[in-house]
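Taking it in order: structure first as structure tokens, then the write-up.
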Amino acid sequence: MSTVLIAKNLRKSYGNIEALRGISFNVNKGEIVGLLGPNGAGKTTTIRIILGLLNPDEGEVQLNNITHDDIAFILEKDGLFEKLSVYENLKFYAKLFGLTEPFHKIEEITELLGIEELKDRKIVNLSRGQRRKVVISRALLKNPDFLILDEPTSGLDPMAQIQLQDVILELKKRNSLTVLLASHNLHEVQRICDRILIINKGLLKFEGNTKEIKDSRELENIFRRAVEDE
Ligand code: ATP
């Protein structure tokens, strides 16, 4: 299995707050990796370093056979244009990503996400879940090899969460997309991830294959042990 990303001994402080204290892990091609950890554990900092939005104080991120252009990401602030329609937003970004014939791609993706009927609605009028689907559509316009999602389903109702999880699984199946997913939802991570990383206070506390975790009760116990204060 080829490795897409190698994070080596990442350290990052904000003033005197040590957000990352030496984190190392790999992400392999075609796998969905879940990044778990309590509030303030360092998940977003890790993601921002991977994306090149933040420099680590120490350590490095190596990308193998992909560049930052092959990575699509979804962070908390989505940057959609409120007063434009879903279609206008997607068309704008398609142009930005250099797509010459965006129409078919937008059709294909909005169908996959089940938001074709929202195309003419303004972003400002969408529900949170609908909006999230637009953001994921935008990320997919790039035809990414690697998708990085920071809490993609937070605040969504259970059906919307399941729909989005299914889309991620479908993308993995269709395009052997690699995904790094930060989440607080243990059930979600267990349902869709191949491997789980748990960080706490800037350290990697657990790494394991989801298949080897029997049920959500066992994952809960693993999580509890990983985040207990040493
Ligand atoms: P959450 O689950 O709450 O989103 P997280 O695991 O993503 O948390 P980070 O956002 O990476 O955690 O934060 C790690 C630590 O770094 C926290 O203690 C946080 O307060 C601190 N931190 C993050 N960004 C900044 C910043 N810009 N300035 C100062 N401290 C920061």
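Only one entry in 29, 8 is at pLDDT 95 or above, closer than 27 Å to residue 145 by Cβ and open to solvent by 20 Å² or more (accessible area, probe 1.4 Å), namely 8. Do we have any residue at all in the stretch 197-208 that's more than 16 Å from the ligand (Cβ to nearest atom) and within 21 Å of residue 152 (Cβ to Cβ)? No, the conditions are met nowhere in the stretch 197-208. Scanning the stretch 209-230 for residues that are assigned to a helix (DSSP H, G or I) and within 16 Å of the ligand (Cβ to nearest atom) yields 223, 226, 227.
Have a look at 190, 161, 165 and point out the one that is open to solvent by 10 Å² or more (accessible area, probe 1.4 Å), touching a helix residue (DSSP H, G or I) at 6+ places or on another chain (Cβ under 6 Å) and of a type in the set (S, T, N, Q). Exactly one of 190, 161, 165 is open to solvent by 10 Å² or more (accessible area, probe 1.4 Å), touching a helix residue (DSSP H, G or I) at 6+ places or on another chain (Cβ under 6 Å) and of a type in the set (S, T, N, Q), namely 190. Taking the listed residues 146, 92, 73, 103, the one that is closer than 21 Å to residue 195 by Cβ and open to solvent by 40 Å² or more (accessible area, probe 1.4 Å) is 73, with no other qualifying. Confirm whether residue 36 is at pLDDT 95 or above, touching a Pro at 6+ places or on another chain (Cβ under 9 Å) and open to solvent by less than 80 Å² (accessible area, probe 1.4 Å). Taking the combined requirement at face value, the residue does not satisfy it. What residue, of 133, 122, is open to solvent by 60 Å² or more (accessible area, probe 1.4 Å), touching a residue at least 24 places away in the same chain (Cβ under 8 Å) and touching a Ser or Thr at 6+ places or on another chain (Cβ under 9 Å)? Checking each option against the conditions leaves just 122. If you go through the stretch 24-71 and keep only what is in a strand (DSSP E or B), away from the ligand (no atom under 11 Å from the Cβ) and closer than 21 Å to residue 189 by Cα, you end up with 24, 25, 26, 27, 28, 32, 33, 34, 71. Looking at 82, 76, just one residue is within 15 Å of the ligand (Cβ to nearest atom), part of a loop (DSSP other than H, G, I, E, B), farther than 15 Å from residue 200 by Cβ and not polar (S, T, N, Q), and that residue is 76.
The values are calculated or read from the model by the stated rules, or taken from the named source; none is laboratory data. Because the structure is predicted, anything quoted here is derived from the model rather than measured. Every residue, glycine among them, receives a Cβ derived from its backbone with ideal geometry; neighbour counts consider all protein chains shown. Heavy atoms of the whole protein, side chains included, go into the accessibility calculation; ligands, DNA and RNA do not. Shrake-Rupley method; radii C 1.70, N 1.55, O 1.52, S 1.80 Å.
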